[in-house]
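Just below is one structure, and these are the notes that go with it.
The values are calculated or read from the model by the stated rules, or taken from the named source; none is laboratory data. Since the model is a prediction, treat every value here as computed from it, not as a measurement. For neighbour counting, all protein chains shown are included, and Cβ atoms are generated from backbone atoms with ideal geometry for every residue, glycine included.
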Amino acid sequence: MHEPYDSYNLTPAQAERQLLAEVGKTALGRAMLDYLERQGVEIVVTEDVPPVMGAGIVAGGGYMPAGKKLYLDPRAGADRLLHFFAHETRHVAQMETEMQRNFSAAAFEPRGHLFAVRLMEMDADAFAVYFIYNHARETGSKVFDNLSKNTSWRETPDSLEADRAPLYNAFYAAWVQSGRADEAGAMKAAALAWLDNEQLVEAYNESALLGWRKGAWQGLLNHADNPQSPFAAAFAEAVRAPHDVAGLFMDRAADFSGLFSGIGVPDYLDEDDLAGFAVQVMDGQAKVAEPALTALRSAIDDFATAAAHYTGMADAQKPRKAPFRKASPRAAA
């Protein structure tokens, strides 16, 4: 029998030891720890989780790819600490996958960035629910049951974390309806339940647009006066093509849904599901509301101005053809 544990009233070091011991109780957990080690990622349990994407919001964890550090806040409590461990580990895998992508203007376009963040967070939470389900099944723990209750997400008064209990309940309902057989369908149900969570959607809409300003927009500003830079040339070329946000989204969704399939995690999106899934995520129930909507419109206008600037800058760099001159008649022999 496994021993229950609790990270309340523990030092970060104690909470980290207990978390790692709990994760190591399942084959999936051990495979994830091995994956993080191979990626050179350090797990840091601290009450000072740095703000992710410049958003400055309180979070249960965060992954900083520049420093290869996965942060977790022990004040989340034992059950949520397991959830956020899985959530942030999924982000590590997502970002490693993203680094393999070709340069695309759609990734810089504000809507493309917003939907990419939405997909990353939805996928990370759906995976975390699966991880907790797997942990409960393998160890007999009550973590899944605990996190399916709203009170589990409101145990600490200063926590701004949105209630994720509906994701657990959607997973369980779909799994039971399938005869306790379709784990992939249950993961997809958890992902779609994420879209119905207004608190999550609105928080990440604002976070995504703050991140766009501090990331993509700052990059565009940094190269705006340097037509010789490889970035300026690549962006000017890419931005002339249609910004296929939907296509980029579907490619990402296909990649993300299959992450960790090699260690037994379900690939929860079939190829035939991708277009319909994209509509649900991009244009379905998770609308962009104020104040993020105003920020999105402003970002779209600024992106259009930047696109025109970069293409004009590239055109100015093109060598001009020499003016046509009539050949001088040859002197008579």
Might you check whether a residue that is loosely packed, with under 14 Cβ neighbours inside 10 Å, modelled with pLDDT under 95, over 21 Å from the mean Cα position of the chain (by Cα) and in a helix (DSSP H, G or I) occurs anywhere in the range 272-288?
-> yes
Is it fair to say Met120 is within 22 Å of His243 (Cβ to Cβ), among the hydrophobic types (A, V, I, L, M, F, W, C) and without any contact (Cβ under 8 Å) to a residue 24 or more places away in the chain?
-> no
Filter the range 291-320 for residues that are under 18 Å from Ala238 (Cα atoms), among the small types (Gly, Ala, Ser) and in contact with a helix residue (DSSP H, G or I) (Cβ under 6 Å, 6 or more places away or on another chain) and give the result.
-> Ala306, Ala307, Ala314
What is the residue count in the range 222-238 for residues that are loosely packed, with under 14 Cβ neighbours inside 10 Å and assigned to a helix (DSSP H, G or I)?
-> 2
Could you tell me whether the range 205-221 includes any residue that is farther than 23 Å from Gly112 by Cβ, touching a residue at least 40 places away in the same chain (Cβ under 8 Å) and either touching a Gly at 6+ places or on another chain (Cβ under 9 Å) or not in a helix (DSSP H, G or I) (or both)?
-> no
Can you name every residue in the range 291-313 that is over 17 Å from Trp212 (Cβ atoms) and either assigned to a loop (DSSP other than H, G, I, E, B) or hydroxyl-bearing (Ser, Thr, Tyr) (or both)?
-> Thr311
Go through (1) at pLDDT 95 or above; (2) in a loop (DSSP other than H, G, I, E, B) one by one and return the number of the condition Ala241 breaks.
-> (1)
Quick one: Phe103 ticks every box in (1) in a loop (DSSP other than H, G, I, E, B); (2) surrounded by 22 or more Cβ atoms within 10 Å (Cβ to Cβ) except a single one, so which number is it?
-> (2)
Selected residue (criterion: nearest to Val265 (Cα to Cα)) from residues of the range 133-186 that are among the aromatic types (Phe, Trp, Tyr) and at pLDDT 95 or above = Tyr133
Kindly indicate the residue of the range 253-271 that is over 19 Å from Ala86 (Cα atoms) and assigned to a helix (DSSP H, G or I) and also modelled with the lowest pLDDT among those meeting that condition.
-> Glu271
Among (1) in a helix (DSSP H, G or I); (2) more than 19 Å from the chain's Cα centre (by Cα) - the single one Gly247 does not satisfy | (2)
When residues of the range 65-85 are limited to those that are buried (at least 24 other Cβ atoms within 10 Å of the Cβ) and out of contact with any Ser or Thr (no Cβ under 8 Å at 6 or more places or on another chain), the one nearest to His113 (Cα to Cα) = Phe84
Hey, any hits in the range 92-101 for a residue that's touching a strand residue (DSSP E or B) at 6+ places or on another chain (Cβ under 7 Å) and acidic (Asp, Glu)?
-> no
